[in-house]
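Have a look at the structure below, then the notes.
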Amino acid sequence: MAWRFALMIDPVAVEDDRTDFADTFTVIDPSAPALTVGELSTQRGDGIFESIGVVDGHPQEVQAHLERLAHSAKLCDLPTPHLEQWRQAVTDAAAACGAGEAVIKLILSRGVEHGPAPTAWVTAAEASDFAAARRDGIRVVTLDRGYAIDVPARAPWLLLGAKTLSYAVNMAAIREAKSRGADDAVFVSSDGFVLEAPTASLILRRGDTFVTPAPNGGILHGTTQLSLFDHLESRGFEVAYDTIPASDLSAVDGAWLVSSVRLAAPVVAIDANEIPMDAAFTASLNDYLLSPRD
Ligand code: PLP
């Protein structure tokens, strides 16, 4: 992966009414050390992030990502991000991306241990090549997430609806899926309801209706899923949020893992069940996702 750009942000208060935030940004060398050893993002994973897809220099769905960053900050008791400041940082990062697909990451950390302020930065890098996953599909296994569907409401301190930097569990789930011969995982609650993938949302097709697990605090509300639901509705399909028993997964007419950078990866098998794949329809979804979206 080639780095394209990195920028440290000096976060301002949400009431700050300036219109140009350039003097709160410091462009840095993305391949050089930039954080101190007391940084709580690295010591404890104590912070939040967003990954924004970029196509030919256009950052996709920036507002939805900024709103989710603010939502995660609220859940984690981090200072409210000044959205216009972050938007300008995204614009600067996108300008460094050039042609092709790239990814911009926004990171807001608790800061340095015993230090006064959060640490914030933005990076841009070339995206991995996901052509094969988009075209040929992926095999997934269901994995127990280890909590019941009502846990997010009972234990908000688990931060299950926040996009925190603590992704070690998500990465372990992908390794487990690979060790079982699959490409990716779908988490299932301990009482048997479908949740999300470690780095993507799940969309299922039943006839002409597309359904996704309701973002009830236990999963992220995916920006790609939201955008695709708008698109599918504009094409005359029905879309719905639902509480989906895992036993329903064997009887769907199609399934996709969707996320900002890999986009729509059709699922060709869930555990031992083969899932129908419509290559032309999936290509139309990815054409939409690759078009400029605000
Ligand atoms: N769920 C999880 C746990 C994720 O990490 C992600 C993306 O990284 C998603 C869902 C999909 O979100 P988005 O479509 O905004 O990329």
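Laid out as a table, the results:
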{"item": "Enumeration of residues in the stretch 73-107 that are at negative phi, in contact with an Asp or Glu (Cβ under 8 Å, 6 or more places away or on another chain) and of a type in the set (Gly, Ala, Ser)", "result": "Ala99, Ala102"}
{"item": "Tally, over the stretch 110-148, of residues that are at pLDDT below 95 and of a type outside the set (Asp, Glu)", "result": "4"}
{"item": "Meets criteria (of a type in the set (Ser, Thr, Tyr) and modelled with pLDDT of 95 or more) for Ser51", "result": "yes"}
{"item": "Members of the stretch 127-162 found to be in a loop (DSSP other than H, G, I, E, B) and among the hydrophobic types (A, V, I, L, M, F, W, C), listed by number", "result": "Ala127, Phe130, Ala148, Ile149, Ala155, Leu159, Leu160, Ala162"}
{"item": "Any pair with Cβ under 8 angstrom, 6 or more apart, that starts in the stretch 261-282 at a residue that is without any contact (Cβ under 8 Å) to a residue 60 or more places away in the chain and ends at one that is in a helix (DSSP H, G or I) and among the hydroxyl-bearing types (Ser, Thr, Tyr)", "result": "Asn273/Ser250"}
{"item": "First in the stretch 45-59 and without any contact (Cβ under 8 Å) to a residue 60 or more places away in the chain, second anywhere and within 13 Å of the ligand (Cβ to nearest atom) and not hydrophobic (A, V, I, L, M, F, W, C), Cβ under 9 Å, 6 or more apart", "result": "Pro59/Gly53; Pro59/His65"}
{"item": "Complete set of residues in the stretch 15-33 that are surrounded by 12 or more Cβ atoms within 10 Å (Cβ to Cβ) and more than 24 Å from the chain's Cα centre (by Cα)", "result": "Asp16, Arg18, Phe21, Thr24, Phe25, Thr26, Val27, Ile28"}
{"item": "Residue ranges of strands (runs of 3 or more DSSP E) in the stretch 201-294 with at least 1 members of a type in the set (Gly, Ala, Ser) and modelled with pLDDT of 95 or more", "result": "201-206, 238-242, 254-259, 263-270"}
{"item": "Residues of the stretch 247-294 satisfying the condition of being farther than 20 Å from Gly207 by Cβ, more than 14 Å from the ligand (Cβ to nearest atom) and out of contact with any Leu (no Cβ under 9 Å at 6 or more places or on another chain)", "result": "Ala269, Ala272, Ala283, Asp287, Ser291, Pro292, Asp294"}
{"item": "Helices (runs of 4 or more DSSP H) contained entirely in the stretch 1-103, each with at least 2 residues that are closer than 14 Å to Ala125 by Cβ", "result": "83-95"}
{"item": "Members of the stretch 165-214 found to be in contact (Cβ under 8 Å) with a residue 40 or more places away in the chain, acidic (Asp, Glu) and away from the ligand (no atom under 13 Å from the Cβ), listed by number", "result": "Asp183, Asp191"}
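The values are calculated or read from the model by the stated rules, or taken from the named source; none is laboratory data. Predicted model, so just to flag it, every value in this text is computed and none were measured. Using ideal geometry, Cβ is built from the backbone for each residue, glycine included, and neighbour counts are taken over all protein chains shown.
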